[in-house]
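What follows is one structure encoded as structure tokens, with my remarks underneath.
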Amino acid sequence: MRSILLPAFRTFCLAALMLCQAPAWAEAAARMPVGPERAQLRGLPPPQTTPRPVNPLPTSRLLLEEEEPITAFDLDRGLTQLCRAGRFRQQREHLFIVRLGGYVHGAVIGGYWGLYDPERLAVPRLVYAVRWQDTGRCEVYVLRHLPA
């Protein structure tokens, strides 16, 4: 009988302790600053650096260069999930690249060689930027159509 009641009593005591401290947690959270003030609270100012240019490999073919960062373009959620699963990617590294906001990212063209897309979801002649390829946080952004 004692072995059954002891875990239940322990759970009850932990729940009661957490309920007693809940107002203190809520009060502390209400006093914490959010946004840029939170970074200044830790003594770290927000970064104000300019991106340095990255020199790609000489075998790479630059498809697009713009000042906008990659996050300014549309994220394709379906292709991003496939990329994270390894089902949408460049077959050869550094074949096509794009330079967006001073950073170099891999690029693939829908319907062209060099693209691994077994589901055939890529739109033909559409340029996609691939960020963090071959990782669990891979992202695919839609850039633009190639000129005819």
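No value in this document is a laboratory result; all are computed from the given coordinates. Please read these numbers as outputs of a predicted model, since none were measured by experiment. Cβ atoms come from the backbone with ideal geometry, glycine included; neighbour counts cover every protein chain shown.
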When ranked by the protection proxy of mean other Cβ atoms within 10 Å per residue, highest first, what sequence do the peptides 98-107, 131-140 form? 98-107, 131-140
Compute the length gained on full extension between Ala72 and Arg92: take 0.36 nm times their separation in residues and subtract their Cα-Cα distance, giving the result in nm to one decimal. 4.6 nm
Taking r as the C-beta separation of Thr50 and Thr11 and R0 as 41 Å, the FRET efficiency to the nearest 0.05 is 0.15
